[in-house]
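Shown below is the structure under consideration.
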Amino acid sequence: MAGAIWCVVEDDRKGTPKKVMAEVIGEAARLGGPVEAVWLTDKASEDGLRELGSWGATKVWLLENAAFAPYRSEVWAAALAELAAAQSPKAIFGPVTSRQREALARLAARLGVGIAADSVAFAMEGDRLVATRPVYAGKLLSKVTWAKQPWVATLRPNVFRPAESQAGKTAAVERPGVKIANAQMKFIERREELSTGLPELAEAEIVISGGRGMKGPENYVILENMGKVIGAAVGASRAAVDAGWRPHRFQIGQTGRTISPKLYMGFGVSGAIQHLAGMRTSKVIVAVNKDPEAPIFKIADYGIVADLFEVVPALTAEFKRLLEK
Ligand SMILES: Cc1cc2nc3c(=O)[nH]c(=O)nc-3n(C[C@H](O)[C@H](O)[C@H](O)COP(=O)(O)OP(=O)(O)OC[C@H]3O[C@@H](n4cnc5c(N)ncnc54)[C@H](O)[C@@H]3O)c2cc1C
């Protein structure tokens, strides 16, 4: 079938694609490609372009313009829609990130096609693409397809097998001219978030989550210490976020981030359905809670009924010992 599968690049805003792009590109290749990347940025790096090629993109459509930073969805969606109208890709994929879940929804609306948001699997059925996506807070999986192309979808991070980097594989770089839409939104304030020095929540392979059982913001330091030892991101339940203990960007769940790490460890998290909606596809789930009836134990692979303030330091010390061996 004609047309490429486009992978819209999520970068670190400093010119480097995020590693989640290896997953998006890997899945596009598994579906038969041809795989092309589309990169909207104010400044791309040569290393970044090489990386996209090494993951398997045969072409990078590079839209480099100061107007793409800071991100505004109406500017991104208009540029993507113009390029898509000219090039007719058969599919347009991007990872589930705060930018792309918005920009690709706007793009789909502009193109008059459907979007399979937060997809966790794809299959070709004849010449149709079928996407699987969780609904009802992850309780059910629904299969959807599109009435027409391009098939626009966002892919949940840490679910799809990443493409392996192949040294020497390169992508042709095309720099198409596109009109830059007048942004209707202006930034009147800019906030810089300080880095925690830990991996980002949505991309981390290990996530430690603290709930109301943490008792206060000052106690998250014990989770951060464990995070530093094992390279984990630290997230929180909504109860902890609503209490002002953690910023909202750390919230896991239906109204926060959806994560799918290799290992999720919940400390003092009860396991409300809305929290589970954001982490139930984690590969291995560990729960520590002093209440043996806490609902999180129903989906946990391993559970410890104990006081987290005893368990966290003990586990941290043991992880340190094992990793220093
Ligand atoms: C529309 C809507 C959207 C929502 N979205 C989200 C969302 O995105 N994310 C989310 O998380 N929630 C969300 N919620 C809220 C959700 O329903 C729960 O209220 C919330 O998840 C509870 O957080 P928690 O588990 O930290 O707190 P609690 O339910 O209060 O649980 C605290 C747990 O800590 C345990 N504990 C206490 N002390 C210790 C200790 N010393 N050692 C070990 N265990 C201890 C307790 O036994 C208890 O199980 C949403 C709710 C609504 C209505």
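With respect to VAL113, is the statement that it is touching a residue at least 40 places away in the same chain (Cβ under 8 Å) and aliphatic (A, V, I, L, M) true? Can you show your working first?
Details: touching a residue at least 40 places away in the same chain (Cβ under 8 Å): no; aliphatic (A, V, I, L, M): yes.
When the stated conditions are applied, VAL113 does not pass them.
Out of segment 52-72, which residues are closer than 16 Å to ASP42 by Cβ and among the polar types (S, T, N, Q)?
ASN65, the sole residue that qualifies.
OK, next. So, in segment 305-320, exactly how many residues are more than 9 Å from the ligand (Cβ to nearest atom) and either farther than 22 Å from ALA204 by Cα or in a loop (DSSP other than H, G, I, E, B) (or both)?
Total meeting the criteria: 1.
Continuing with this model, one more query. Taking segment 56-78, which residues are within 14 Å of ALA171 (Cα to Cα) and open to solvent by 30 Å² or more (accessible area, probe 1.4 Å)? Walk me through it before giving the result.
Within segment 56-78, the subset within 14 Å of ALA171 (Cα to Cα) is 56-62.
Listed by number, the residues that qualify are THR58, LYS59.
Taking the condition at negative phi, surrounded by fewer than 11 Cβ atoms within 10 Å (Cβ to Cβ) and either at pLDDT below 95 or not in a loop (DSSP other than H, G, I, E, B) (or both), does ALA167 pass?
Against the criterion (at negative phi, surrounded by fewer than 11 Cβ atoms within 10 Å (Cβ to Cβ) and either at pLDDT below 95 or not in a loop (DSSP other than H, G, I, E, B) (or both)), ALA167 qualifies.
Still on this structure, I have one more. With respect to the numbered conditions (1) at pLDDT below 95; (2) open to solvent by 20 Å² or more (accessible area, probe 1.4 Å), which one is the sole condition not fulfilled by LYS143?
(1)
Would you say LYS325 is away from the ligand (no atom under 11 Å from the Cβ) and basic (Lys, Arg)?
On the way: away from the ligand (no atom under 11 Å from the Cβ): yes; basic (Lys, Arg): yes.
Yes.
Could you check how many residues of segment 278-299 are farther than 11 Å from SER209 by Cβ, within 12 Å of the ligand (Cβ to nearest atom) and free of Cβ contacts under 8 Å to residues at least 60 places away in the same chain?
So the answer is 6.
Let me ask something else. Just name the residue that is surrounded by the fewest Cβ atoms within 10 Å (Cβ to Cβ) out of those in segment 115-140 that are small (Gly, Ala, Ser) and over 20 Å from the mean Cα position of the chain (by Cα).
In this case the residue turns out to be GLY126.
Only one residue in PRO95, PRO89, PRO70 is in contact (Cβ under 8 Å) with a residue 24 or more places away in the chain and in contact with a Ser or Thr (Cβ under 8 Å, 6 or more places away or on another chain). Which one?
On the way: PRO89 fails: in contact with a Ser or Thr (Cβ under 8 Å, 6 or more places away or on another chain); PRO70 fails: in contact with a Ser or Thr (Cβ under 8 Å, 6 or more places away or on another chain).
Checking each option against the conditions leaves just PRO95.
The values are calculated or read from the model by the stated rules, or taken from the named source; none is laboratory data. Owing to the predicted nature of the structure, the values given are computational and were not obtained by experimental measurement. Heads up, the Cβs are rebuilt from the backbone with ideal geometry, glycines too, and the neighbour counts pull from every protein chain shown. SASA here: full protein model, heavy atoms, side chains in, ligands and nucleic acids out. Shrake-Rupley method; radii C 1.70, N 1.55, O 1.52, S 1.80 Å.
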